[in-house]
Amino acid sequence: MVGVGLLVILGKQGAGKGTQCPRLAERYGVPHIATGDMLRSAVRSGSELGQKIRKLMDDGHLVPDEVISEVVAHRLILPDCARGAILDGYPRTETQAHTLDELAGQSGITRCIVLDVPTPIVVARLSARRVCASCGTVYSADPPPGPSTCTVCGGQVIQRADDTAEAISERLAAYERETKPLLDHYQMRGLLTHVDGQGTLDEVFARLVDVIDGAAQA
Ligand code: AMP
């Protein structure tokens, strides 16, 4: 795979992946594959898959590994992934990480970056998070009340069903339990870089670009 390769972006919910990944995708000319967005769109479409996973998602639980891995496998074989992709929200469990190793094949994963943000800050960010129901652009209701109309597409800006206090705590627990162990998986292979996820949008973006460009030269 020539280009930026497969980049995995990890970090707690609310660490800024959904804000930074589209910008990275634009900069490097590769698709942003956000499994949460793909699943939400399946729920909105009312497809069989969507009906099956709606409650799990609303309650902040992970969907089964085999379900999400099939979705990702179908996405990664599309031609726009030939030069790489930014993976946001996948893998989230050790089983998914092993599946991704298989899907990535010989070229493998270029780098895994974890966006570090302390838990109290992500809780505050998630509680204030608002998203466009049409295009997914992320907004904040801090200070309140936040925008009601999307400045990108004119869609309605809403609070996600899984950004309630209960679902947030379940999702962060799932991160600690299922996803954090993946840091070792990538660390042991020399693929992991921690990036400070606090600061302005541009500051965090610049740190990410430094890491990715540095990895490309290495
Ligand atoms: P996110 O937008 O990344 O916070 O994902 C929203 C929800 O989608 C999660 O709470 C899970 O229910 C589901 N989801 C997204 N990605 C995965 C994944 N890799 N494995 C299992 N469930 C996922």
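What are the residues in region 122-138 that are in a strand (DSSP E or B) and either over 19 Å from residue 24 (Cβ atoms) or free of Cβ contacts under 8 Å to residues at least 12 places away in the same chain (or both), if any?
Once the filter is applied, which keeps residues that are in a strand (DSSP E or B) and either over 19 Å from residue 24 (Cβ atoms) or free of Cβ contacts under 8 Å to residues at least 12 places away in the same chain (or both), region 122-138 yields 129, 130, 132.
Summed over region 201-210, the residues that are open to solvent by 70 Å² or more (accessible area, probe 1.4 Å) and either hydrophobic (A, V, I, L, M, F, W, C) or without any contact (Cβ under 8 Å) to a residue 12 or more places away in the chain (or both) give a count of 4. In the condition set (1) modelled with pLDDT under 95; (2) more than 12 Å from the ligand (Cβ to nearest atom), residue 149 is compliant with all but (1). Residue count for region 33-60, restricted to those that are open to solvent by 50 Å² or more (accessible area, probe 1.4 Å) and near the ligand (Cβ under 6 Å from one of its atoms): 1.
This table checks each residue for (1) at positive phi; (2) free of Cβ contacts under 8 Å to residues at least 24 places away in the same chain; (3) open to solvent by less than 40 Å² (accessible area, probe 1.4 Å); (4) not basic (Lys, Arg).
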| residue | (1), (2), (3), (4) |
| --- | --- |
| 94 | no, no, no, yes |
| 106 | no, yes, no, yes |
| 109 | no, no, yes, yes |
| 114 | no, no, yes, yes |
| 120 | no, yes, no, yes |
| 140 | no, yes, no, yes |
| 146 | yes, yes, yes, yes |
| 149 | no, yes, no, yes |
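Across region 122-135, the number of residues qualifying as in contact with a helix residue (DSSP H, G or I) (Cβ under 8 Å, 6 or more places away or on another chain) and either over 23 Å from residue 42 (Cα atoms) or open to solvent by 50 Å² or more (accessible area, probe 1.4 Å) (or both) comes to 3.
The condition of being β-branched (Val, Ile, Thr) and more than 30 Å from residue 64 (Cα to Cα) holds for only one of 209, 195, that being 209.
Residue count for region 2-15, restricted to those that are crowded, with 17+ Cβ neighbours inside 10 Å, in a loop (DSSP other than H, G, I, E, B) and more than 12 Å from the ligand (Cβ to nearest atom): 1. Taken as a whole, the condition of being open to solvent by less than 60 Å² (accessible area, probe 1.4 Å), in a helix (DSSP H, G or I) and of a type outside the set (A, V, I, L, M) applies to residue 101.
Being within 16 Å of the ligand (Cβ to nearest atom) and either assigned to a loop (DSSP other than H, G, I, E, B) or without any contact (Cβ under 8 Å) to a residue 40 or more places away in the chain (or both) is the filter here, so list the residues in region 76-92 that pass it. Selection gives 89, 90, 91, 92.
The values are calculated or read from the model by the stated rules, or taken from the named source; none is laboratory data. Because the structure is predicted, anything quoted here is derived from the model rather than measured. With ideal geometry, Cβ positions are generated from the backbone for all residues, glycine too; neighbour counts draw on all protein chains shown. We work out accessible area using only protein heavy atoms, side chains counted, and drop any ligands, DNA or RNA first. Shrake-Rupley method; radii C 1.70, N 1.55, O 1.52, S 1.80 Å.
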